[in-house]
Amino acid sequence: MSENKEDTLASFQNITGIDDVGEAFSHLEAADWNLMEALSRVMPHEDAPLASTVQQQPEPPATHPVESTNGFRPPGYEEMPGTSNAAAGFFHSIHNQNQNQSQNSHQPQLQQRFPTQLTSSINLDPASSQNNNQNVIAFNIHFNQQLYQIRLPSEATVEQLKRKIFDETSVPVCRQAIRGWPPSKASDAQQLGTRICNLDLAPENELILVDLTDDGFMDTEQDEVTQRVDKTFTIDIQFESDSPLTLSLSGRTKMRELKMNVYDIKSIPVRHQEWTGWPNGCDNETTLAQSGIELSHRFAVRSTAHLAQNNTTQHNNAFEVVNVDSESSADEFEDATDFNNAEYIFTDSPPAQPLNRHLIPNNTDDETSGSTQFVENYKSRYGDPHPEFFVGSLEAARQLACLRPAKERKLLAIYLHHGKSILINVFCDQLMKHESIIQTFKEKFVLYGWDMTYESNKDMFLSSLTACISSNASLTARNIKLDKLPAIMLVGKSRQLGSNCEVLSVIHGNIGLDDLLTRLIETCEMFEEQLQVEIRQEDERAARDQVKAEQDMAYQETLQADMAKDAAKRQKEASQLAERKRLESERAEEDARRESIRLVAQQSLPQEPSEQDAGTSKIRVRKPTGDFLERRFFTSNNLQDLLNFVTANGFLIEEYKLIRSWPRRDLTAIESSQTLETLKLYPQETVILEER
């Protein structure tokens, strides 16, 4: 296949999402390798207007956003890993042709382009919203130890949510403080007009409602972000193979700008930057202030450029191995390395060197170093997911699997690799990556891997098989033909064999996924049947030990519980006694203070004139209870004398106001040195005591 056809095949798979190389190849062959014609064949057209098409489509299934190690969602196509400018331009050139067909993946963009058609009418009834194909978001509102469940369409606003909360809790909108929004969207959530679909919410969300009472409770989430905006953040960045970098940035700096700074200084393209250390919920438009990180924070950045080069190398090797002609079958394409890895199809990396077929270098020193190199090269070659291989010698793997108590014993699975086998790519890229296979190996086996590409490494391993397992196991491995590799030898130990092990089954590489899983499970079941006697004896012995241990534990737990209960009771009584004493002391101090103020006021009172004295004024003070205090003063007495009279009767001026009824006037708020005559509080006057 020419290089031009390789590029066409990669582009076709990247655009259509067809993973099967044989199927993609057949479409291009039928179109005589005309890319646009092949795309037209697999992507049918519709002439309906875009807005109406969006309204009539059923609700798309929930998708799982791609996340990197920093928890980011991809901010846009131009920043998806491995997407070059050339690829973005090519994708745009065919955008008008597949716009209707790719509606599910582009629906958020369509909603932004046609807001009037899509959101002109928002129905807050969840049932109606579901009938109208609107997404429904559920809120569990926690308030006053109660849970209120509210469901709203995704196009509803924060104001509509708060009005629903008011209907349920009777807390006015102006007094609602809601906690629990995503940190990166906390500021947006403070705006009543913000649509809840723009807040990165899950289908079901837990929120806490706080009533902003007149006591002055403040919601500090937005205030904290506002305060951090103008602060300087010290960002320490560690690189995998380069010197560290320290940046001092404003809190207004966005994540996108930080990535561009790294690109400018370290020449690592944004699409090749893999970040570790971001909090969840951040995206490229989140500022440092909004992200929630400390003013001094450390990140780790890894360049994935070498992964793109390795992936391109695998693509090139795959095309070299597979000969495409008119008689080729789909089975031949399945042996090629994955062509449709869209992450690196459009990278502008330089051509990679030919891929080494072996996983262990020739003439390796010992099993442990060979095993370490095997695992490292396997992970680098085939990527994630992959089964977990044991690292060490074959003898150590045998002891871990076979020389354990019967209930903990596992089978030893020996994976035999050969770089020249035509089955390697399919077996490793498909079968060994399947979740069921990985889980089965993890739960039931100790998996040990070895590369038999070089004769020196093969002879070393066969000798180790003879010493650790048996000569029969070594002979079995030696007789496996190249066209049957890779292979998996399943080794186990039962009671009848003492400390020796035997080969229970050999699974060759020319097998399908279902058959491989069936063979693994059948061997496990057969092995477990042989262990039942040992397991039963161990269970009986363990049960006896368990009974004794439980009795001892129950006694100790009862003793500890009684001691803890007594200690808690004493602590509670002491705490209650201390609290009573504190309250009594505070109450006594307050009473003493009030009595001191009252006595001082009483001693400061002038002598009360008699009824026959001239120039007197009769003052009546109405208490809050409706009763009256009454006293005569000389008109030359000042207002402070009247206030002292009120205080002497137990009504402290700091707690009460003295109000003149007409014209209404607060006598405690004016200069107390003025005389009653000046204030026209004669020959008699009635004033009112009111609590402050």
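The values are calculated or read from the model by the stated rules, or taken from the named source; none is laboratory data. Model, not experiment: these values are computed from the prediction. Note that we place each Cβ from the backbone using ideal geometry, even for glycine, and neighbour counts take in every protein chain shown. Ligands, DNA and RNA are excluded from the accessible area calculation, which covers all protein heavy atoms including side chains. Shrake-Rupley method; radii C 1.70, N 1.55, O 1.52, S 1.80 Å.
Please give the peptides 676-684, 251-259, 536-544 ranked by average Cβ packing (other Cβ atoms within 10 Å per residue), highest first, as a rough proxy for protection.
Packing proxy ranking, top to bottom: 251-259, 676-684, 536-544.
Could you calculate the contour length gain from residue 591 to residue 226, that is, 0.36 nm times the residue separation minus the distance between their Cα atoms, to one decimal place in nm? Walk me through the numbers before you get to the answer.
Details: separation 365, 0.36 × 365 = 131.40 nm, distance 4.57 nm.
Result: 126.8 nm gained on full extension.
Calculate the FRET efficiency for residue 627 and residue 579 from the Cβ-Cβ distance with a Förster distance of 35 Å, rounded to the nearest 0.05.
E(calc), rounded to 0.05, equals 0.45.
For 260, 460, write out the residues from largest to smallest accessible area, computed with a 1.4 angstrom probe and no ligands counted. Don't skip to the end; give the middle numbers.
Values: 260 80, 460 50 Å².
Greatest to least solvent exposure: 260, 460.
As a test question: what accessible area, to the nearest 10 Å², does residue 365 have when a 1.4 Å probe is rolled over all protein chains in place?
130
Excluding residues on the same chain fewer than 8 positions from residue 569, give the lysines whose Cα lies under 23 Å from its Cα.
581
Taking the full set of protein chains and a 1.4 angstrom probe, give the accessible area of residue 174 in square angstrom, rounded to the nearest 10.
Around 110 Å² of this residue is reachable by solvent.
If the reach is capped at under 19 angstrom between alpha carbons, list the lysines near residue 185, excluding any in the same chain fewer than eight residues apart.
162, 254
Which residues among the stretch 153-178 fall inside the zone where the amide N is under 13 Å from a point 7 Å beyond the Cα of residue 208, along Cα→Cβ?
177-178
Over the stretch 1-41, calculate the relative contact order: mean separation of alpha carbon pairs under 8 Å at least 6 apart, over the residue count, as a percent.
For the stretch 1-41, the relative contact order is 36 percent.
Towards the positive end of the charge dipole of the stretch 1-41, with charges on Cβ (+1 Lys, Arg; -1 Asp, Glu), say which of 22, 38, 11 has the farthest Cα.
The residue sitting farthest along the positive end of the dipole is 38.
Tell me the label-point distance for the pair residue 159, residue 372, using the 7 Å Cα-to-Cβ offset, in nm and rounded to one decimal.
Spacing of the two 7 Å Cα→Cβ label points: 6.6 nm.
Roll a 1.4 angstrom probe over the protein heavy atoms and tell me the percent of accessible area of the stretch 616-691 that is carbon or sulfur.
Whole-percent figure for carbon plus sulfur exposure: 43.
So if we plug the beta-carbon distance of residue 263 and residue 404 into 1/(1 + (r/R0)^6) with R0 = 41 Å, what FRET efficiency do we get, rounded to 0.05? Can you show the working numbers first?
Working: r = 52 Å, r/R0 = 1.26.
Using R0 = 41 Å, I get an efficiency of 0.20.
What are the ³J(HN,Hα) values, in whole Hz, obtained from phi via the Karplus relation 6.51 cos²θ - 1.76 cosθ + 1.60 with θ = phi - 60°, for each residue of the stretch 433-446 in sequence order, with x given for Gly and Pro?
9, 5, 4, 5, 5, 4, 5, 5, 4, 5, 8, 10, 9, 9
Which FRET efficiency value, to the nearest 0.05, is calculated for residue 296 and residue 607 with the Förster distance at 51 angstrom and r the Cβ-Cβ distance?
0.10
Would you work out the relative contact order for the stretch 367-527, in percent, from Cα pairs under 8 angstrom that are 6 or more residues apart?
26
Provide the three semi-axes, in whole Å and in decreasing order, of the ellipsoid equivalent to the stretch 367-527 as defined by the square roots of 5 times the Cα gyration tensor eigenvalues.
On the way: eigenvalues 95, 69, 46 Å².
So the equivalent ellipsoid measures 22, 19, 15 Å along its semi-axes.
Using the Karplus curve 6.51 cos²θ - 1.76 cosθ + 1.60 with θ = phi - 60°, what ³J(HN,Hα) values do you get for each residue of the stretch 8-19, in whole Hz, with x for Gly and Pro?
5, 5, 5, 5, 4, 5, 5, 7, 8, x, 7, 7
Could you state how much accessible area residue 526 has, in square angstrom rounded to the nearest 10, with a 1.4 Å probe and all protein chains kept in place?
Only protein atoms counted, so the area is about 80 Å².
Which sequence of 262, 503 reflects their accessible areas, 1.4 Å probe, from the largest down?
Reading off the accessible areas and sorting them downward yields 503, 262.
Any lysines with Cα under 20 Å of the residue 379 Cα? List them, leaving off those in the same chain fewer than 8 positions away.
Output for residue 379: 420, 433, 442.
Quickly rank 647-654, 550-557 as a protection proxy: mean count of other C-beta atoms within 10 Å, highest first.
In descending order of packing, they fall as 647-654, 550-557.
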